[in-house]
Amino acid sequence: MDRPAPRILTIPSVKGTMLRAHLSWAERRLGAGLPGVRERLSADGKALLARSVLPTDWVPFRLLVEIDSAICAASGGNEAEVFHELGRHSAALNLQGVYKSFITGEPHRFFEKMTILHHQFQSFGKSSYERLGERSGRIRLEEYPVSARSFCLAGRGYYEEALRLMHVPGPVRVDETSCQVRGASACVFEVGW
């Protein structure tokens, strides 16, 4: 029996676990049924939310961005704060659940593993991590064919919450020092704890 060819994604996509976490945050804030979100979506966005998205499903990145924008608009919050909170909630939900084994007491090890697993969670881009000091490092995301400020802001929140979950001595610091949306060749985050 012939084996099926591996699936090659040509559309930039992310794992369903990201979308599920963002929808979980929205339901807590807006209520079941996501009032104010669905009516702001395209037909593709509505169709995606009409079905059950599994954590392992590949979701078109453009739909994640569209749904995040609709969540932000429906919540009436400041964009930077809402997207930051979506990232923090995603880390809390996923790193205390399905991906609990990824959290170690050693942040450098966590961020190094994260770069190795990058393509398990998104079909585009490249991630690298560099140790800068005993309690600091640099995350570099590059070669993204698409970019969205919401994704950068959520990423910052995700990294902050991951560090908090590791019970680092603190203070937790995550600064975005470069951004593709603003014309840079990479998104760069300086992390410290």
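The values are calculated or read from the model by the stated rules, or taken from the named source; none is laboratory data. The model shown is predicted, which means the values in this text are computed figures rather than measured ones. We place every Cβ from the backbone using ideal geometry, glycine too, and count neighbours over all the protein chains shown.
Is it the case that some residue within the stretch 163-170 is more than 26 Å from Glu27 (Cα to Cα), without any contact (Cβ under 8 Å) to a residue 40 or more places away in the chain and either in a helix (DSSP H, G or I) or in contact with a Leu (Cβ under 7 Å, 6 or more places away or on another chain) (or both)? Talk me through it step by step, then tell me what you get.
First pass over the stretch 163-170, keeping only residues more than 26 Å from Glu27 (Cα to Cα): 166-170.
Within this subset, residues satisfying the condition of being without any contact (Cβ under 8 Å) to a residue 40 or more places away in the chain are 169-170.
If we keep only those that are either in a helix (DSSP H, G or I) or in contact with a Leu (Cβ under 7 Å, 6 or more places away or on another chain) (or both) as well, we get none.
The answer is no; no qualifying residue exists.
Within the stretch 74-83, can one find any residue that is touching a His at 6+ places or on another chain (Cβ under 7 Å), assigned to a helix (DSSP H, G or I) and under 27 Å from Glu39 (Cα atoms)? Before you say what the answer is, go through the steps one by one.
We begin by selecting, within the stretch 74-83, every residue touching a His at 6+ places or on another chain (Cβ under 7 Å); these are none.
Within the stretch 74-83, none of the residues are touching a His at 6+ places or on another chain (Cβ under 7 Å), assigned to a helix (DSSP H, G or I) and under 27 Å from Glu39 (Cα atoms).
Yes or no, residue by residue, for (1) surrounded by 16 or more Cβ atoms within 10 Å (Cβ to Cβ); (2) modelled with pLDDT under 95; (3) more than 22 Å from Tyr99 (Cα to Cα):
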site	(1), (2), (3)
Ile139	yes, no, no
Glu143	no, yes, yes
Ala148	yes, yes, yes
His167	no, yes, no
Ser178	yes, no, yes
Val191	yes, no, no
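Looking at (1) touching a Leu at 6+ places or on another chain (Cβ under 8 Å); (2) under 21 Å from Val82 (Cβ atoms), which one does Asp175 not meet, given that it meets all the others?
Asp175 satisfies every listed condition except (1).
Condition test on Gly125, is it surrounded by fewer than 20 Cβ atoms within 10 Å (Cβ to Cβ), touching a Leu at 6+ places or on another chain (Cβ under 7 Å) and within 26 Å of Asp57 (Cβ to Cβ)? Talk me through it step by step, then tell me what you get.
Working: surrounded by fewer than 20 Cβ atoms within 10 Å (Cβ to Cβ): yes; touching a Leu at 6+ places or on another chain (Cβ under 7 Å): yes; within 26 Å of Asp57 (Cβ to Cβ): yes.
Yes.
Scan Glu134, Glu81, Glu142 and give me the residue that is assigned by TED's automatic domain parsing to the domain that holds Gln180, out of contact with any Asp or Glu (no Cβ under 9 Å at 6 or more places or on another chain) and farther than 25 Å from Thr10 by Cα.
After applying the criteria, what remains is Glu134.
I'm told Gly97 meets every condition in (1) buried (at least 19 other Cβ atoms within 10 Å of the Cβ); (2) small (Gly, Ala, Ser); (3) over 20 Å from Gly170 (Cβ atoms); (4) out of contact with any strand residue (DSSP E or B) (no Cβ under 7 Å at 6 or more places or on another chain) except one. Can you identify the failing condition by its number?
So the condition that Gly97 fails would be (1).
Does Ser90 count as of a type in the set (S, T, N, Q), modelled with pLDDT of 95 or more and touching a His at 6+ places or on another chain (Cβ under 7 Å)? Please lay out each step first, then the result.
Working: of a type in the set (S, T, N, Q): yes; modelled with pLDDT of 95 or more: yes; touching a His at 6+ places or on another chain (Cβ under 7 Å): yes.
So Ser90 fits the description; yes.
Of these, Pro35, Pro60, Pro107, which one is exposed (fewer than 15 other Cβ atoms within 10 Å of the Cβ) and of a type outside the set (A, V, I, L, M)?
Criteria check complete, one pass: Pro35.
Need the failing condition index for Cys72 against (1) touching a Leu at 6+ places or on another chain (Cβ under 9 Å); (2) over 26 Å from Gly183 (Cβ atoms), just the number.
(2)
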